[in-house]
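So the structure is just underneath, and the comments pick up after that.
The values are calculated or read from the model by the stated rules, or taken from the named source; none is laboratory data. The structure displayed is predicted, hence computed values, not measured ones. Here the Cβ is made from the backbone with ideal geometry for all residues, glycine too, and neighbour counts use every protein chain on show.
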Amino acid sequence: MEIHVLASGSDGNCYVIRSGEHAIMLDQGMTYKHLVEQMNVNGIMPEEIECILVTHEHSDHIKGVGTAARKFKCPVISTRGTYDGMLHHIGKVEYTEIKRDVGFTVGDIDIQPLPTRHDAADPVCYRFSSEGRSAFIATDTGSINMEIKQAINDSDLVVLESNYDPQRLRNNPLYPEYLKIRIASEDRGHLSNYQCGDALMSVRPNQRIFLGHLSKKNNDPD
């Protein structure tokens, strides 16, 4: 199984999960031109993409979903709440509804959608497994529930949100107070560096861990 991170952050999010001859796109928050550039860099052909999974309806995750789905001639897969929330942004597409906590399969990839806590209609994250390997991608959640914690511990590769440093967020003069409160909310916000670190305390030495959705204004990769 391969995970290609084409974009991660407030400017756009997009991943491609590959297993054998099957490839799935997770979110598409870039322009189509930028998407194609990133796919070329990663050696991914448009005809490989079998579907586009969506986590939630915020623009940095869905900005390019409609165009990509029509260009690739593939379905969009999401919860009904997410679909209803993004429909007027993405236009007419082939759509498949899923439900949180109900697994499904695309090709030889088993997919488990798990609920997240974010300011969206029905947000989820996804765990992927195929041929004895597994990957888990979770961003845009204000807190870690037991399902997410278990998915982290059970996966060979993990991409987990580490969005902001609490002190930087508090001291950021460009952010109004209501926005700071929303970002730090456990019910509707994002994971801080400390929350991310706590969630990763019990990972195994052989797991591969990547931090995602780092804020450019409230965090530092170092």
- Task: Answer yes if at least one residue in the stretch 29-46 is within 12 Å of the chain's Cα centre (by Cα) and either at pLDDT below 95 or crowded, with 18+ Cβ neighbours inside 10 Å (or both), and no otherwise.
- Result: yes
- From the list ILE52, ILE90, which one is more than 26 Å from GLU21 (Cα to Cα), surrounded by 15 or more Cβ atoms within 10 Å (Cβ to Cβ) and in contact with a helix residue (DSSP H, G or I) (Cβ under 9 Å, 6 or more places away or on another chain)? ILE90
- Message: Looking at the structure I just gave you, is VAL102 at pLDDT 95 or above, assigned to a loop (DSSP other than H, G, I, E, B) and either farther than 22 Å from GLY12 by Cβ or among the hydroxyl-bearing types (Ser, Thr, Tyr) (or both)?
- Response: yes
- Output the residues belonging to the stretch 55-75 that are in contact (Cβ under 8 Å) with a residue 60 or more places away in the chain and polar (S, T, N, Q). THR55
- For the stretch 114-140, what are the residues that are over 18 Å from MET201 (Cα atoms) and assigned to a loop (DSSP other than H, G, I, E, B)? THR116, ARG117, HIS118, ASP119, ALA120, ALA121, ASP122, PRO123, GLU131, GLY132, ASP140
- If you scan the stretch 94-116, which residues turn out to be crowded, with 19+ Cβ neighbours inside 10 Å and either within 16 Å of ILE52 (Cβ to Cβ) or among the charged types (D, E, K, R) (or both)? ILE98, VAL106, ILE109, ILE111, PRO113
- Failed criterion for THR82 (all others in (1) under 16 Å from the mean Cα position of the chain (by Cα); (2) free of Cβ contacts under 8 Å to residues at least 12 places away in the same chain hold): (2)
- Screening TYR164, TYR126, TYR175 for residues that are modelled with pLDDT of 95 or more, over 29 Å from ALA69 (Cα atoms) and crowded, with 20+ Cβ neighbours inside 10 Å leaves only TYR164
- In the stretch 145-161, which residues are surrounded by fewer than 22 Cβ atoms within 10 Å (Cβ to Cβ), outside any helix (DSSP H, G or I) and among the aliphatic types (A, V, I, L, M)? LEU157
- Query: Can you tell me which residues in the stretch 55-67 are in a helix (DSSP H, G or I) and surrounded by fewer than 24 Cβ atoms within 10 Å (Cβ to Cβ)?
  - Reply: SER59, ASP60, GLY66, THR67
- Residues MET39, MET30: which one is out of contact with any Ser or Thr (no Cβ under 7 Å at 6 or more places or on another chain) and outside any helix (DSSP H, G or I)? MET30
